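Beneath this line is the structure, given in structure tokens, with notes to follow.
Since every read-out is calculated from the coordinates, none of them should be taken as a lab result. From a predicted model like this one, the values you see are computed outputs, not experimental measurements. Cβ atoms come from the backbone with ideal geometry, glycine included; neighbour counts cover every protein chain shown.
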Amino acid sequence: MSQSGSVVGGPTIVDADVHEGLKSIRDLLPHLDPKWHNHITQYGWQGPANPLPYVVLSGEDGTRIDWMLEDKSMRGSDLNLMRKHLFEGEQITVGILNGDFRPSTMQGWHEFAADLAAAYNDWQIAVWLDPEPRLRGAIHVASHDPQIAAREIDRLGQHPQIVQAFLPAINDREYGDPYYLPIFEAAVRNDLAVTLHHCGHTRSALGYPRYQIEWHATAIPQTMMCQLASMICNGVFDRFPELKVVVLESGFTWIPHFMWRMDEHFRSLRVEIPWVKRKPSDILRAQVRVSTQPAETLSKRQFLGLLDQMETEDMLVFSTDYPHWDSDSPSRALPAGLPDGLQQKILSGNAVAAFGPRLLP
Amino acid sequence: MRQVVFGADELAPGEMRAVQYGAMSVVVLRDRHGRYHALRNACLHQGAPLSKGTLGPMVDGSAVGQYEPAADREVLRCPWHGYEFDVESGRCPADPARLRLRTYPVAVEDGQVVLGRDTVPGGQGKL
């Protein structure tokens, strides 16, 4: 093991979902176009609104209780504590940042949202990526305007620690719609994966159900299935066969169901989407990766049976979801006794294949 | 096994008919160019009689929203769930590697449609 915890030749444990956070919206001011400063310093703008009504079982703002900062400030907002919790505590080799700041959720004022995204990206690089070589980052965009989003992806897309363009999974946005193609084009020409993660604007088929348990169990995988179906059926994966889409924090036991149901409908209704040239499960196996957290608790037999149903060992990538209340530990989230090769694929190999050589230390 | 199934003038382009061929039900059809094809008359999905389905050009698409009937590919569509089968190869365009319907040689000989292995594939027959 090297000093950073990596095995020679590749990382041991890649964490595909780490959340850094702003302590205050004012953290963005040094990176934000001055024309917007008054809105924050004088007019009281405090960040994109979060409509999620639930707070259950966590410390401040969703943080796991034993990972709270000593001063109880916001989650994931201290690099030294992240180093202690994640790199020392969980022995993570490389962590990929996904933030908690979602300008794409702003229902208006899109030019402000786009500049906020750019400011956040520069803050992320300055505060997290520059001082910590074990971290990798995301390009956040305001996806309402795909042309501006593509310019932002081009602006930072060659940064050596940037590995993905990030899209929050929002229900009133169909990312397969050709309207969003510039975002995927920009990601592909910069050799970046496109990552999907839910946020407070992610609704279940019932909207916001009465209880968090309903929302958390259903809204996230439902929305991911809908977004993936949108991208498949609108030919995004056929148009960009080199594109990798990484779906985060939605669990993984829904994958066989989704594959079987999509394939069955494709055999019946292919004529409606003749520009799609491969069956959906083939597309998913080739171009989609899904993070393990929050890992449904399966026996080894059940887990291997699930992979058998998926017909691939290549789709799952490990993630902790640091520092949230339902974080998974790499030493405990997967069933004990998995074959070494499979375990290593899930903990690192599949992520390296999805995110490319910039992921490696 | 060679079997004369019906007269060559009994089926117009775009029409099809089920025939008994040994123990098998086979659908014999003429594509829009007048060529004969023969396939097993049972969908690979749930066994529906494909002779009750529809015949037409395979719809292709080069970009989102583009519906382009293929000039040289015709499919037989199952009457139950819509599975398609290429009349030439028997393959399902949605899953060609895994789903292939059995096809049979068919030809026109002396004004008769003949099923069986001694005929010339493609429906030109030994004229």
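Give me a comma-separated list of calculated 3J(HN,Hα) values for segment A:129-136, in order, Karplus coefficients 6.51, -1.76, 1.60 applied at θ = phi - 60°, integers in Hz, x for any Gly or Pro.
Whole-Hz 3J(HN,Hα) from phi for segment A:129-136: 6, 4, x, 9, x, 7, 9, 10.
Can you count the Lys pairs in the protein assembly as shown with C-alpha separation below 24 Å, eight or more apart or on different chains?
Working: A:Lys23/A:Lys35; A:Lys23/A:Lys72; A:Lys23/A:Lys84; A:Lys72/A:Lys84; A:Lys244/A:Lys277; A:Lys244/A:Lys279; A:Lys244/A:Lys345; A:Lys300/A:Lys345.
Close lysine pairs found across the protein assembly as shown: 8.
Considering Cα pairs under 8 angstrom that are at least six residues apart, work out the relative contact order of chain B and quote it in whole percent.
24
Output ³J(HN,Hα) for segment A:304-319: one whole-Hz value per residue in order, computed from phi by the Karplus curve 6.51 cos²θ - 1.76 cosθ + 1.60 with θ = phi - 60°, and x for Gly and Pro.
So the Karplus estimates, Gly and Pro as x, are 5, x, 5, 5, 4, 5, 6, 6, 6, 9, 9, 8, 8, 10, 6, 8 Hz.
If you take every DSSP beta bridge fully contained in segment A:14-359, what fraction is antiparallel? Give it as a percent rounded to 5.
Details: 2 of 25 bridges.
Just about 10 percent of them are antiparallel.
Which of A:Lys345, A:Lys279, A:Lys244 moves most in a GNM of chain A, Cα contacts under 10 Å?
Per the Cα network of chain A with a 10 Å cutoff, A:Lys279 tops the list.
Report, by chain and number, residues whose modeled amide H sits under 5 Å from the one on B:Met58, excluding near sequence neighbours (fewer than 5 apart, same chain).
It is B:Ala70, B:Arg73, B:Glu74, B:Val75, by chain and number.
Can you list the residues, at least 5 places off or on another chain, whose amide H is less than 5 Å from the amide H of A:Cys199, using H built in the peptide plane?
A:Ala169
If you take the charge dipole of the protein assembly as shown about its Cα centre, with +1 on Lys and Arg Cβ and -1 on Asp and Glu Cβ, which of A:Gly341, B:Leu99, A:Pro221 is farthest toward its positive end?
Of A:Gly341, B:Leu99, A:Pro221, it is B:Leu99.
In whole Hz and in residue order, list the ³J(HN,Hα) couplings for segment A:45-56 that follow from phi through the Karplus curve 6.51 cos²θ - 1.76 cosθ + 1.60, θ = phi - 60°; x for Gly and Pro.
Once rounded to whole Hz, the list reads 5, 10, x, x, 5, 10, x, 5, x, 9, 9, 9.
Let a ≥ b ≥ c be the square roots of the eigenvalues of the Cα gyration tensor of segment B:1-83; is it rounded (a/c under 1.5), or, if not, prolate (a/b larger than b/c) or oblate?
Values: a/c = 2.86, a/b = 1.53, b/c = 1.87.
Verdict is oblate for segment B:1-83.
So what's Rg/Rh here for segment A:14-359, counting alpha carbon atoms and using the Kirkwood radius for Rh? Don't skip to the answer; put the middle values down first.
Values: Rg = 19.3 Å, Rh = 20.4 Å.
Dividing the radius of gyration by the Kirkwood radius yields 0.94.
Note down the relative contact order for segment A:14-359 as a percent, whole number, built from C-alpha pairs under 8 angstrom at least six residues apart. The partial results should precede the final answer.
On the way: 603 pairs, mean separation 67.2, N = 346.
It rounds to 19 percent for segment A:14-359.
Residues with amide H under 5 Å of A:Asp17's amide H, sequence separation 5 or more or different chain, H placed in the peptide plane at 1.01 Å from N; which?
A:Ile96, A:Thr320, A:Asp321
Per residue of the protein assembly as shown, what 222 nm ellipticity follows from adding -39500 (n - 2.57) for every DSSP H run with n ≥ 4, rounded to the nearest 500? It would help to have the intermediate numbers written out before the result.
Details: 12 runs with 107 residues, N = 488.
Estimated from H runs of four or more residues: -6000 deg cm²/dmol.
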